[in-house]
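Encoded as structure tokens, the structure appears first; notes follow it.
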Amino acid sequence: MILSNSNSQKRDIIPSGSYPARCISMIDIGTIPTEYLGEKKSRTVIRLVFELPTLTKVFNPDKGEQPYVIHREFTKSLHEKSALLPFLNNWRGKALTPEDCMGFDLSKLLEAECLLSIVHNPVGDRTYANIGGISTLPKGLVCPAQFNHSLIWDYQDNFNQELVSEENDIIPTWLREKIQTSSEWKLKTNTLNESNMISDDNLNNDEPNDLPF
């Protein structure tokens, strides 16, 4: 009697190496609950997504070849000990000044080219491809034209509640659920719902508005 794990499939991950890449998505996930060494905390997280246009595959026969994409999440901070600050410095090829860090507009780097270093990290019996490093694109190295649409989503100027709905597949389900655990999401949607309730009440109010007092 020969037994085997018939459900196991070889995972197709990005080969390790360096690739021309382009940032296609910036998502402010918000402040979400986390746990580290048994201690419950919270941190504010942003997610940067890059496409690798020189590395393609047919993921869906109806769409033909598409570039691989990879993401990395950071705590939303430019503190000198943060992971995001050196990442941005290496990407830009120059360090952000203390004045820059007081109000740096990350959206300026949307669609910006770079060179990504992809590394493999084993976790248990699985291996994951992660962004190990980033740098400016070397002169003479071409990053092909962008394939995917650009996306910025946050809780200020780029807030779109419809993108985090079940009817929309632009943001994957697992990421939508993650966003919906954030304190910013709960505050924003509660505020919008309350505003709509007030608006509806006003529309349904049949009492005259020209009272003499």
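The values are calculated or read from the model by the stated rules, or taken from the named source; none is laboratory data. Everything quoted here is computed from the prediction, not taken from an experiment. Because the Cβ atoms are built from the backbone with ideal geometry, glycine has one as well, and the counts that use them run over all protein chains shown. When the accessible area is computed, the model is the full protein with side chains, heavy atoms only, and any ligands, DNA or RNA have been set aside. Shrake-Rupley method; radii C 1.70, N 1.55, O 1.52, S 1.80 Å.
Descriptive notes on the structure:
- Selection of segment 39-60 for residues being open to solvent by 60 Å² or more (accessible area, probe 1.4 Å), over 21 Å from the mean Cα position of the chain (by Cα) and over 22 Å from residue 113 (Cα atoms) yields 39, 40, 58.
- Checklist (1) in contact with a Ser or Thr (Cβ under 9 Å, 6 or more places away or on another chain); (2) in a loop (DSSP other than H, G, I, E, B); (3) at pLDDT 95 or above applied to residue 166, failing item: (3)
- Segment 17-38: number of residues that are open to solvent by 30 Å² or more (accessible area, probe 1.4 Å) and hydrophobic (A, V, I, L, M, F, W, C): 1
- Filter result for residue 119 (touching a strand residue (DSSP E or B) at 6+ places or on another chain (Cβ under 6 Å) and loosely packed, with under 11 Cβ neighbours inside 10 Å): no
- Residues that are open to solvent by 60 Å² or more (accessible area, probe 1.4 Å) and touching a residue at least 12 places away in the same chain (Cβ under 8 Å), drawn from segment 61-74: 69, 71, 72
- Flag if residue 93 is in contact (Cβ under 8 Å) with a residue 60 or more places away in the chain, out of contact with any strand residue (DSSP E or B) (no Cβ under 6 Å at 6 or more places or on another chain), open to solvent by less than 80 Å² (accessible area, probe 1.4 Å) and on the phi > 0 side of the Ramachandran plot: no
- Subset of segment 133-156 (residues that are over 16 Å from the mean Cα position of the chain (by Cα) and part of a loop (DSSP other than H, G, I, E, B)): 136, 137, 138, 139, 140, 141, 142, 143, 144, 145, 146, 147
- Going through (1) touching a helix residue (DSSP H, G or I) at 6+ places or on another chain (Cβ under 7 Å); (2) within 21 Å of residue 67 (Cα to Cα) one by one, residue 175 falls short only on (1).
- Test: residue in segment 119-136 that is without any contact (Cβ under 8 Å) to a residue 12 or more places away in the chain, among the basic types (Lys, Arg) and out of contact with any Cys (no Cβ under 7 Å at 6 or more places or on another chain): no
- Subset of segment 148-163 (residues that are modelled with pLDDT of 95 or more and open to solvent by 60 Å² or more (accessible area, probe 1.4 Å)): none
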